[in-house]
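Read the structure below first, then the notes.
The values are calculated or read from the model by the stated rules, or taken from the named source; none is laboratory data. Model, not experiment: these values are computed from the prediction. No Cβ is skipped: glycine too gets one built from the backbone with ideal geometry, and neighbour counts run over all protein chains shown.
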Amino acid sequence: MKPLTLVTGSNGKTGSRILSRLIQSEYPVRLGSRIANPTFDWEKPQTWDAVLKGVNQVYISFQPDLAIPSALESIKLFVNRCKAHQVNRLVLLSGRGEPECVESERVVQNSGLEWTILRSSWFNQNFSEGMFLDQILDGKVLFPIITVKEPFVDIDDLADLAFAALVTNKHVNKLYELTGSELWDFKKAFQLIADETHQEIPIEEVPLSTYLSALKDFGLPKETLDFIEYLFITVFDGRNESILKDMELALGRKTKNFKSYVEETAKTGIWKLREKIT
Ligand SMILES: NC(=O)c1ccc[n+]([C@@H]2O[C@H](COP(=O)([O-])OP(=O)(O)OC[C@H]3O[C@@H](n4cnc5c(N)ncnc54)[C@H](OP(=O)(O)O)[C@@H]3O)[C@@H](O)[C@H]2O)c1
């Protein structure tokens, strides 16, 4: 009997990819989404029991981010519900260089269940499916002055590893610190997207305070602004400016680099600038 997997964030960047890998290999799945039936909402613990019924293993992708202060309590509560439902394996998506995430990782590691921790660097796909896409489409990127480099991870690689962690025993009780194979600074990363799509996309580097007030004008809530400020001040201090072999060793192959990701993604047309309304 193949195990039943609950994929939280099943419509999200990583969850959707893990879900499709499971479905393609004919594993039974349960969707962890606010629009699924039964519904799953991290903010409504009363929704969790119905979704966990009969589930053998869970991919945990917490929302909005594992580093926010309320995440730890939610993860503790969620892991307890998993145990009550006799779930036997947890695969947790975590963030690299974020001490707050380590607390939640420990809850999973000390749960008594089989576990795998995927402690990931920033995703390539933040540029095409996440927080940076809108600015690119608007044809003008505003970004805080930051010289630190990031070893972006491609989430197709991450999803391959998460899938293997769910359907084989090779990754049980392992913590992987996931990086890509190259360090990129953000300005060069945006510039590569402009070059590859043959579009003029000016990149304006501004002080963090200017960047945050621009985001506030876009209507971002205070909690999100505080979190972005935390990321840029605390996490981008150089602590993650290194490349590790965990991902390649765990996958047994090379990972996708940022340039290949940009070349492939540019071909999909996702970065075609929006028409300017005059
Ligand atoms: N972005 C990065 O570079 C990065 C790097 C390392 C780690 N992480 C971690 O990645 C996690 C995010 O994962 P991801 O990027 O795969 O997800 P994502 O793409 O941000 O997931 C978005 C999905 O989350 C669901 N969602 C939103 N609020 C929810 C709620 N209250 N309850 C249940 N589902 C909710 C939504 O689906 P529905 O509308 O269907 O509910 C949405 O489709 C975070 O925990 C973060 O710490 C991110």
Please determine, by comparing only the residues of region 216-257 that are among the charged types (D, E, K, R) and free of Cβ contacts under 8 Å to residues at least 40 places away in the same chain, which one is surrounded by the most Cβ atoms within 10 Å (Cβ to Cβ). Glu229
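Look through Thr14, Thr47, Thr8 and report the one residue that is in contact with a Pro (Cβ under 8 Å, 6 or more places away or on another chain) and of a type in the set (Val, Ile, Thr).
On the way: Thr14 fails: in contact with a Pro (Cβ under 8 Å, 6 or more places away or on another chain); Thr8 fails: in contact with a Pro (Cβ under 8 Å, 6 or more places away or on another chain).
When all the criteria are applied, what remains is Thr47.
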Right, Glu103: closer than 20 Å to Asp237 by Cβ, surrounded by fewer than 17 Cβ atoms within 10 Å (Cβ to Cβ) and at pLDDT 95 or above or not? yes
So which of Ser213, Ser209, Ser260 ends up being polar (S, T, N, Q), exposed (fewer than 12 other Cβ atoms within 10 Å of the Cβ) and assigned to a helix (DSSP H, G or I)? Ser209
Top-ranked residue in region 1-32 [being assigned to a loop (DSSP other than H, G, I, E, B) and buried (at least 20 other Cβ atoms within 10 Å of the Cβ); ranked as farthest from the ligand (Cβ to nearest atom)]: Ser10
